[in-house]
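Asks: Take a look at this one; I'll ask things after.
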Amino acid sequence: MRFAVMASGRGSNFQALIDAHARGELPGAELVLLIVNKRDAQAVARAKAAGIPWAFIDSEAMPRAEFDRRALAVLRDCGADAVVLAGFMRLLTPEFIAAFRYCILNIHPALLPNFPGAHAHRDALAAGVSESGCSAHLVDEGVDTGPIILQQPVEVLPNDTEESLAARILPHEHRLLAEAVRLLAAGRLEVDGGIVRILPEK
Ligand code: GRF
């Protein structure tokens, strides 16, 4: 499975995939491209260090449909079979989703369906929950609404800030995202009525 990663910033989830692949933990998966939508995304430096081709498509300079058209063209040129959103802070158009139906993964720093969107930690703290976490899921047309693959609960501490909660959850994001890529590459993800079934090892 040839997969591309899309990122907008720091790229620690992208780095986790680079590292998992280097450790041989993603059999059958090949990381073929990084696409960033921000010129200053730190993820680019990670791609360069790992020798992974990268492309910058400036999402601030064009409408959403044009961004997706250009991203799809680049993805087709490199023969990507799947896309992993790793700290990618934009919505994709239905056309993009349809082109990679159930082959787009995302990692979200909350226990979906709780706290979707761009401020998961802030919202979890404001709600006073004692537990948050992260979710790896298949992407559909909604905001963090696609079929859930893996989740990891993480304790919220009384004096947590967004930063301390994010730091406690982040390593679990890295682990879950790599595991979701592994499962997708192994053909072990089946979607039945909006629910993911993880098939046994073949
Ligand atoms: C992560 O918490 C990710 O879940 C969220 O953005 C944060 C930064 O991710 N979408 P990364 O370090 O850029 O991968």
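The values are calculated or read from the model by the stated rules, or taken from the named source; none is laboratory data. Model, not experiment: these values are computed from the prediction. So basically every Cβ, Gly included, is an ideal-geometry build from the backbone, and we count neighbours across all protein chains shown. Heavy atoms of the whole protein, side chains included, go into the accessibility calculation; ligands, DNA and RNA do not. Shrake-Rupley method; radii C 1.70, N 1.55, O 1.52, S 1.80 Å.
Asks: Over segment 54-119, what is the relative contact order in percent, taking alpha-carbon pairs closer than 8 angstrom and at least six residues apart?
Replies: Here the relative contact order equals 30 percent.
Asks: Can I ask one more? Any idea what the relative contact order of segment 1-139 is, in percent, if you count C-alpha pairs under 8 Å spaced at least 6 apart?
Replies: In percent, rounded to a whole number, it is 24.
Asks: Assuming 0.36 nm per residue, please report the length gained on full extension of the stretch ARG39 to ALA65 beyond their Cα-Cα distance.
Replies: Numbers: separation 26, 0.36 × 26 = 9.36 nm, distance 1.91 nm.
Working it through step by step, the gained length comes to 7.5 nm.
Asks: Just need the relative contact order of segment 92-202 here, percent rounded to a whole number, with Cα pairs under 8 Å and 6+ apart. Provide the component values of the computation, followed by the final result.
Replies: Working: 181 pairs, mean separation 28.0, N = 111.
Over segment 92-202, the number comes to 25 percent.
Asks: Beyond 17 Å, what share of the Cα-Cα pairs of segment 1-76 is found? Please give it as a whole percent.
Replies: Percent of Cα pairs beyond 17 Å in segment 1-76: 43.
Asks: On to the next question. When ligands, DNA and RNA are left out and all protein chains stay put, how many square angstrom of accessible area per residue does the chain have with a 1.4 Å probe? Show your work: numbers first, answer last.
Replies: Values: 9490 Å² over 202 residues.
Result: 47 Å² per residue.
Asks: Hey, if you put +1 on the Cβ of every Lys and Arg and -1 on every Asp and Glu Cβ in segment 92-202, which of ALA126, ALA110, PRO147 ends up farthest toward the positive end of that dipole?
Replies: PRO147
Asks: Additional query: Given the whole protein assembly as supplied and a 1.4 Å probe, what does the accessible area of PHE56 come to in Å², nearest 10?
Replies: Number for this one is 60 Å².
Asks: Give, in nm to one decimal, the length gained when the segment between ASP19 and VAL129 is fully stretched (0.36 nm per residue of separation minus the Cα-Cα distance).
Replies: 36.4 nm
Asks: Enter the Cα centre distance for the pair segment 144-202 and segment 1-19, rounded to the nearest angstrom.
Replies: Here the answer is 15 Å between Cα centres.
Asks: In segment 40-63, which residues have a backbone nitrogen under 12 Å from the label point lying 7 Å from GLU162's Cα in the Cα-to-Cβ direction?
Replies: Zone members listed by number: none at all.
Asks: Then there's this: How are the Cα pair distances of segment 49-202 distributed, in percent, across 5 Å bins from 0?
Replies: Bins of 5 Å from zero give 2, 9, 17, 19, 18, 16, 12, 6, 2, 0 percent of pairs.
Asks: Scale the Cα Rg of segment 121-188 by the rule-of-thumb value 2.2 N^0.38 Å and send over the ratio, two decimals.
Replies: Rg over 2.2 N^0.38 Å, computed on Cα atoms: 1.22.
Asks: Could I ask something else about it? What is the diffusion coefficient of segment 1-129 in µm²/s, taking the Kirkwood radius over Cα pairs and the Stokes-Einstein relation at 25 °C with a viscosity of 0.890 mPa s?
Replies: This corresponds to a translational diffusion coefficient of 160 µm²/s.
Asks: Next question, about the same structure. If we count GluC sites (Glu not before Pro) as exposed when they sit in a DSSP loop and have at most 15 other beta carbons within 10 Å, what is the longest stretch of the chain that avoids them all? Please report the intermediate quantities before stating the final value.
Replies: Working: sites that count: GLU25, GLU141, GLU201.
Longest run free of exposed loop sites: 26-140.
Asks: Ignoring ligands, DNA and RNA, please state the percent of accessible area on the chain from carbon and sulfur, probe 1.4 Å. Mind showing how you got there, number by number?
Replies: On the way: 4990 of 9490 Å².
Here it works out to 53 percent.
Asks: Another one. Of all DSSP beta bridges located in the chain, what percent are antiparallel, nearest 5?
Replies: 50
Asks: At R0 = 22 Å, how high is the FRET efficiency between THR145 and ARG122 if r is their beta carbon distance? Nearest 0.05 is fine.
Replies: Between THR145 and ARG122 the formula returns 0.70.
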